[in-house]
Amino acid sequence: MPGKHAKYVQRKITVPDIERAKMSLMNPAFIQQKIDERTVDEAAKPVIETMLREGIETVWDRFEQQQPPCRYCSEGISCNRCAMGPCRIIPEHYRVRGVCGADADLIVARNLLDTIATGAAAHSDHGREIIETLYKTAIGEAQGYEITDLEKLKRIAGEFGFETEGQSTEEIARQVSLALLEEYGTIKNFIQFTARAPQQTQEVWDAAGIRPRSVDREIVDAMHRIQMGVGADYTTMLAHGLRTALGDGWGGSLMATEISDVMFGTPTINQSWVNLGVVKKDQVNISLHGHNPVLSEMIVRAAEDPGLLDLAKSKGAAGINLVGLCCTGNELLMRKGIPQAGNHFNQELLIATGALEVMIIDYQCIFPSLPRTASCYHTHIVSTSPKSKVPGSLYYGFYPETAIDTAKEIIRLAIENFPNRNPDKVLIPADPMKVVTGFSVEAIQAALGGTFKPLVDAIAAGTIRGAAGVVGCNNPKVKHDYGHVTLGKELIKRDILLVETGCAAIASGKAGLLRPEAAKLAGPGLREICETLGIPPVLHMGSCVDCSRILVLAAELAKTLGVGIHQLPIAGAAPEWYSQKAVSIASYFVASGVYTVLGPMPKITGSGNVVHLLTEGLNDVVKASFAVEPDPVKAAELIDRHIGDKRTALGI
Ligand code: BF8
């Protein structure tokens, strides 16, 4: 019932930069230059052109408006934590300490710890909501949910020592969900899933004192430490950042992945489509944008309702077309083969296809300005999370207890909006690109014949030289998708198998790298293996919380080889990262022993000591470090060299 939902502000047409739009209209070369600067996504280009011509603001315009950035903020040496400031370090003017006395090392380290804790909190809180939904399902209070992967549920129950024989599915789910909720604040002082890591890796954590005690505890501890006057040692500040991140990777995120699998199914290899061309001219188009499958899975189910399909037909539509965006899209793509409209920088462009009736959002990576973009079209933005209300959107509070009812209401809203579409504004810019997806750890294992040994053997033989996890976002500091696609092509050429998640995976999908046919771009060894198995050289492993799948895969490979994760010929990369969540992911990769190369420079350059610790010193602590290399070709060379060194050390 749309009437009961409040809009926060009056919608209004916004044309943010009319002068530039007029200038663009007069100057085709200017438009082409802008498009070429902004993206390598071919399907995005015609839409960007339209938005430029019509003066509809995008992330790239706002980025330009923000230039030049503040030098102190860019280097991490501004501090806005307390009311004695704000402060910034300006060594050349002898301002080497903030009012409280903090120096550049401490200010940079505190800011970085804040960033990691924010990212860890976002992933882990998302995980908590999924576990709460499992609990409500177990006790019969959730509407429309069920337990899909009982085998995985029992496996998790076994890890906690629960007896499952003779127990009902609901009782096992109840016990497991309570045990996992306990992991957020457990007093047993370690997160259960850290026991999945190889013994050698666990020993590294224990020696460094960074095994996470509980998910929430490390985040709260981080918040405590960044309060003014709690420690002045940048090294302990950063060590705690690693501990907090490990609580995300082996805790909050891994629990989110596992319980999403339990409830919605562990992904298996399947085929689907990506790019803005997945929007259909003759159907009601609804996009699912955000991160939590608890919402999007119910929308998928509700969209099959015969009454709603009849309603859509009565409005002149041929059907209801669901498309994904960002990580909730990745979840649906992996499990259900729902087509994906794009990654982070496709969100505004999707609205500008003019064919989107509703964009449903939950939380994370959602531009607050989306209702402004939507106000230029007939699209409704529908927010659903009490913690993520957005002015200008319609709010349909989404709760497990009433999930299906709310999902149907939102779909009805979209159908009713279909006749409001202006056919003159519809721009479906390309044919969709085929992708093969669904590479959970279990699916990879099954494809290898039930054991990881063939993969380990191929690595030992040098047919595959190693593997890299390429993850993360889009960032206007990098041409959209250029970093992901260039790095990906460079690595597979060198016989390095890629596993990808999040917006990196979708960039690869749009560029055709998630098709088995992309094997011909790989080096001879990787190509042969991909062609034998019929798989792409870039494996899509899911959403950003599914970076935890990469950890589990690394752990399995290490255990098969009898080594720690840090000894494997593997690496991580985030060539276009922007989010605090990506910083947490990169930190738990490094803390787990995986050398990780970032594209954009983090805000740390104001402290030489912090830079040195992160890029070199950590090798003595966790046997891995960060590197920063904005050029993806050079980043590939760094990863290649690292993998070569690890191979030599292993004697393979
Ligand atoms: O969690 S890759 S832009 S959508 S933060 Fe966001 Fe980055 Fe995309 Fe998913 Ni992940």
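The values are calculated or read from the model by the stated rules, or taken from the named source; none is laboratory data. Quantities reported herein were computed from a predicted structural model and do not represent experimental measurements. Because the Cβ atoms are built from the backbone with ideal geometry, glycine has one as well, and the counts that use them run over all protein chains shown.
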Which numbered condition GLN271 misses (of (1) on the phi > 0 side of the Ramachandran plot; (2) touching a Gly at 6+ places or on another chain (Cβ under 9 Å)): (1)
It is to be established whether one or more residues within the range 479-490 are assigned to a helix (DSSP H, G or I), crowded, with 24+ Cβ neighbours inside 10 Å, more than 16 Å from the ligand (Cβ to nearest atom) and touching a residue at least 60 places away in the same chain (Cβ under 8 Å). no
Applying the selection to the range 344-360, what residues are buried (at least 24 other Cβ atoms within 10 Å of the Cβ) and either part of a strand (DSSP E or B) or more than 16 Å from the ligand (Cβ to nearest atom) (or both)? ILE351, ALA352, THR353, ALA355, LEU356, GLU357, VAL358, MET359, ILE360
Assigned to a loop (DSSP other than H, G, I, E, B) and among the hydroxyl-bearing types (Ser, Thr, Tyr), is that true of THR201? no
Which one is nearest to the chain's Cα centre (by Cα) among residues in the range 469-478 that are under 17 Å from GLU629 (Cβ atoms) and either surrounded by fewer than 22 Cβ atoms within 10 Å (Cβ to Cβ) or more than 10 Å from the ligand (Cβ to nearest atom) (or both)? VAL470
ILE529: passes all of (1) surrounded by fewer than 24 Cβ atoms within 10 Å (Cβ to Cβ); (2) closer than 24 Å to ASP431 by Cβ but (2)
Within the range 491-499, does at least one residue satisfy the condition of being within 16 Å of the ligand (Cβ to nearest atom) and in the same structural domain as GLY572 (by TED's automatic domain parsing)? yes
Where the second residue is more than 8 Å from the ligand (Cβ to nearest atom) and aromatic (Phe, Trp, Tyr) and the first is in the same structural domain as PRO600 (by TED's automatic domain parsing) and without any contact (Cβ under 8 Å) to a residue 12 or more places away in the chain and lies in the range 575-589, which pairs have Cβ atoms under 7 Å and are six or more apart or on separate chains? none
Looking for whichever is closer than 24 Å to HIS126 by Cβ, away from the ligand (no atom under 16 Å from the Cβ), of a type outside the set (Gly, Ala, Ser) and surrounded by 19 or more Cβ atoms within 10 Å (Cβ to Cβ) here; the options are LEU513, LEU557, LEU539, LEU568. Which one fits? LEU539
